[in-house]
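This report refers to the structure that appears directly beneath it.
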């Protein structure tokens, strides 16, 4: 190895350490907006020295600090943060205003970003507790949470996780049309990088929903087939063409 190569490696290592130290300084004393500016660096560096500080920030009295901690944990993508994030979700669920929705959204998206397939055991019961349009008066928070949870399951499913993919297929058959539509959108995206891995059964179920009495569900199912066809799923393309005849 040339001397220049050794020098370059040493400079990169020194730069990385300087970046970690700067992050640690802000994590220990930063204002909320300063903290959010760290997220791109945290997602790259992922230093273990961040862990205790992020865990402390997840319990901070200020909601924005807790929100940052959740996003940072998602950026770290370490399963060690799963249980603290779940505990934070339950602890903060009583916050009913906009800040509460923003915080819970951050926690849910962080769990999705970590990508553990077992998260469906946490997500599905919470999703089915939330009220939809057919369940009487619903809150904007409930509506936002439903969308966010299904999106997080979709984020895990995109990583090729079978339980999350199966959960989306199950939700696409839910009696609630809103859940069906959101699940169909995420289901078509779940196979974006491996379109021909989708099973025949799931494809048949999507195709069956194109005949739904609910026009919005039928349109979402047709769009899901088209999306899968667009990324190279030959079977979805054939079903889409059959629907158009």
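Only the coordinates and a few stated rules stand behind these numbers; no lab work does. Because the structure is a prediction, the values reported are computed rather than measured. Note: ideal-geometry Cβ built from the backbone for every residue, glycine included; neighbour counts use all protein chains shown.
What's the extension gain from residue 33 to residue 78 if we count 0.36 nm per residue and subtract their Cα-Cα distance? List each step's numbers first, then the result.
Values: separation 45, 0.36 × 45 = 16.20 nm, distance 2.36 nm.
Full extension of this stretch gives 13.8 nm more.
Remark: segment 106-245 projects, on average over all directions, an area of 8.0 nm² (convex hull of Cα atoms).
Any idea what angle helix 120-129 forms with the longest principal axis of the chain, computed on alpha-carbon atoms, 0 to 90 degrees, nearest 10? That helix lies at roughly 60 degrees to the long axis.
Summary of packing: across the peptides 117-124, 151-158, 221-228, the per-residue average of other C-beta atoms within 10 Å ranks them, highest first, as 151-158, 221-228, 117-124. Exposure proxy shown here: for 34, 142, the number of other Cβ atoms within 10 Å sets the order, fewest to most, as 34, 142. In terms of packing, defined here as the mean over residues of other Cβ atoms within 10 angstrom, the peptides 102-111, 197-206 line up highest first as 102-111, 197-206.
The length gained by stretching the chain between residue 143 and residue 51 to full extension, at 0.36 nm per residue less their Cα-Cα distance, is 29.9 nm.
Per DSSP helix of 4 or more residues, -39500 (n - 2.57); summed, then divided by the residues of the chain. What does that give at 222 nm, rounded to the nearest 500?
Details: 14 runs with 177 residues, N = 245.
Counting only the DSSP helices, I get -22500 deg cm²/dmol.
If you take the Cα centroid of segment 13-50 and the Cα centroid of segment 54-84, the two points sit 14 Å apart. Counting only alpha carbon atoms, the long axis of helix 234-244 and the longest principal axis of the chain meet at about 50°. The long axis of helix 200-209 is offset from the longest Cα principal axis of the chain by roughly 70 degrees.
Here the gap between residue 124 and residue 41, fully extended at 0.36 nm per residue and compared with their Cα-Cα distance, gives a gain of 26.7 nm. For the chain, the Kirkwood hydrodynamic radius from C-alpha pairs, put into Stokes-Einstein at 10 °C and a viscosity of 1.306 mPa s, yields a diffusion coefficient of 80 µm² per second.
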